[in-house]
């Protein structure tokens with residue numbers, strides 16, 4: 001059996017390893033709240049890893065969903081740190097199960113769909129795999145404002161997911177045969193799937209990339225419009241997370257859109273400068 005503090009520490013190590021950006025931003029929360037964020041992140045990470053790394057992802061994702069259903073009924077696997085930490089989080093905060101279910105539905109979409117026809121399809125996918133995370137976190141970071149801030153959480157999730165997609169175009173295509181750039185947008189600017197598979201960065205590719213980046217930046221702005229509604233203790237962490245992610249877009253531009261050969265990231269020093277600017 002795993003005790004709660006050990007479970008929370010494992011979850012912290014998980015986010016520290018896999019998402020330095022989120023870890024840096026949400027480390028500024030009060031201890032109880034940041035530990036809950038680590039637990040939620042670990043749940044999401046487990047689902048994501050099943051889809052990306054499991055040799056039998058459909059079966060394993062179905063099993064993970066069943067384990068979550070049992071968890072909600074009070075049957076907790078006390079040998080697994082994720083479930084122990086998540087139980088603690090559900091006890092400490094009035095969590096909503098719906099976004100957890102929506103996220104699992106989004107992971108299923110990744111197993112069933114490798115191409116997207118329209119931007120609207122991509123936005124629906126982005127809601128399921130990213131906005132849901134923000135909705136999971138609202139009871140932790142803004143418990144008294146969670147209803148008012150739903151649209152803000154959804155907007156930030158979509159913005160971040162579109163940023164992820166634009167950063168990881170080469171990796172998604174080469175390693176997973178997934179193309180998230182909508183076909184209609186690629187057709188609009190005359191960029192072909194063959195060119196994408198060959199890693200060609202031309203003017204057409206830049207136009208496609210910027211079209212999606214414009215959408216992402218618009219969703220960031222929608223989120224920023226509601227930033228003042230967050231409690232003081234969570235305002236800087238969520239603002240930092242948004243600015244850290246938004247900076248990836250400009251970093252990719254600085255890299256001259258070389259998404260097929262290098263991964264844009266924001267260094268510790270750059271994050272420190274961003275924090276200096278926004279605090």
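Data overview
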{"read-out": "Computed over the range 156-237, Cα set: Rg, Dmax in Å", "value": "15.6, 49"}
{"read-out": "Nearest 10 degrees, 0 to 90: helix 98-112 Cα axis against the chain principal axis", "value": "40 degrees"}
{"read-out": "Computed over the range 212-279, Kirkwood Rh from alpha-carbon pairs, angstrom", "value": "13.1 Å"}
{"read-out": "Degrees, to the nearest 10: 232-254 long Cα axis against longest axis of the chain", "value": "20 degrees"}
{"read-out": "Ranked packing of 127-135, 35-43, 20-28, most packed first, by mean Cβ within 10 Å", "value": "35-43, 127-135, 20-28"}
{"read-out": "Alpha-carbon Debye profile of the chain, log10 I(q)/I(0) at 0.14 Å⁻¹", "value": "-1.04"}
{"read-out": "0 to 90° range, to nearest 10: angle between helix 31-53 axis and the chain longest Cα axis", "value": "50 degrees"}
{"read-out": "Contact order relative to length of the range 4-278, as percent, for alpha carbon pairs under 8 angstrom and 6 or more apart", "value": "20 percent"}
{"read-out": "Sum of -39500 (n - 2.57) over DSSP H runs of 4+, divided by residues of the chain (222 nm, nearest 500)", "value": "-23000 deg cm²/dmol"}
{"read-out": "Rel. contact order, % - alpha carbon contacts under 8 angstrom, at least six apart, the range 7-139", "value": "27 percent"}
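Here, each number is a calculation from the coordinates, and none is a lab measurement. In this text, all values refer to a predicted model and were calculated from it rather than measured experimentally. Positions of Cβ are backbone-derived with ideal geometry, glycine not excepted, and every protein chain shown enters the neighbour counts.
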